[in-house]
Structure formats: structure tokens, C-alpha cells
Amino acid sequence: MEVIHKIGRRKTAVARVYLAQGTGKITINKKDMAVYFPSATLQYKVNQPLVMTNNDGNFDITVNVYGGGITGQAEAIRLGISRIMCEIDPENRLTLKPEGLLTRDPRMVERKKFGQKKARKKFQFSKR
């Protein structure tokens, strides 16, 4: 089996995910997943598509991720892995789609407007 490559995005985080046949080792930016994501919640998010499709321990995954915070990066990796699982077996789509793992979350930070303090917050109004 050759290496499969997919991209996942979330907010400003971009994850390039490479999957090859192996023993279940996940490497993120040349570090082990447990080192890169010390939180169990983030590790769960990354492993979620593998566990749902019963593929945990079957593949070696290498990820290059940049931008955003650690939660955005974890969810970008999750989307990339989910897309790969669908390419390996189209039947996986039926289990991942209802959980929302194949949906690119469109929510981004709203831009700051001129004449205002932030995106929505205004400067204090003084009547007199």
C-alpha cells in the first residue's frame, strides 16, 4: 500500500496527513502524539476516526501541522484522518458522516472593522 495524503483544516490550522501501512504510530511534527498533545481530550479527538472505523493500530500516520492553537490543530488532524479513512474504504463514510467528522467547520475569527474597538465591540459612546 502506498502513502495516502490528505489535508484537514480548522480555523487557521492546516494539517497535512500522510498514512501508510504500519503498527499504529502517530507522529505529529516529528514528535510522538503523546508529547505533542499531552491532553487526553486532544488525543481522543485525533484517534476518533481510527477508533470508529476499527483501524486503530493498523496504520502509521505522519502529520505536518501549522497555524492556530492546539485544539484547532487537533481537529484539523481529525478531519484529515477522516478523509483518508473514506478513501481507503467508502463504507467508512457511513460511520463518520453522522458524527460530523467529514464536515469542514467554517467558523473563522471575524475581522476587526475600522472605527471599532474589535469585530463587534464599539468605542464607548458619549452623548455630551
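The values are calculated or read from the model by the stated rules, or taken from the named source; none is laboratory data. Since the model is a prediction, treat every value here as computed from it, not as a measurement. Every residue, glycine among them, receives a Cβ derived from its backbone with ideal geometry; neighbour counts consider all protein chains shown.
Kindly indicate whether I70 is β-branched (V, I, T), touching a strand residue (DSSP E or B) at 6+ places or on another chain (Cβ under 7 Å) and surrounded by 13 or more Cβ atoms within 10 Å (Cβ to Cβ). Considered against the rule, which asks whether it is β-branched (V, I, T), touching a strand residue (DSSP E or B) at 6+ places or on another chain (Cβ under 7 Å) and surrounded by 13 or more Cβ atoms within 10 Å (Cβ to Cβ), I70 comes out as no. Counting only residues that are closer than 11 Å to I77 by Cα and outside any strand (DSSP E or B), segment 34-63 holds 7 of them.
Out of T23, T12, T71, T41, one residue alone is among the β-branched types (V, I, T) and over 28 Å from V109 (Cβ atoms). It is T23.
The residue list K25, K30, K11 contains one member that is surrounded by fewer than 19 Cβ atoms within 10 Å (Cβ to Cβ) and in contact with a Lys or Arg (Cβ under 8 Å, 6 or more places away or on another chain), which is K11. The residues on offer are K113, K25, and the sole one that is over 14 Å from K6 (Cβ atoms) and either within 15 Å of the chain's Cα centre (by Cα) or at pLDDT 95 or above (or both) is K113. For segment 94-128, which residues satisfy the criterion of being assigned to a helix (DSSP H, G or I) and either under 30 Å from V35 (Cα atoms) or in contact with a His (Cβ under 6 Å, 6 or more places away or on another chain) (or both)? Within segment 94-128, T95, L96 meet the criteria.
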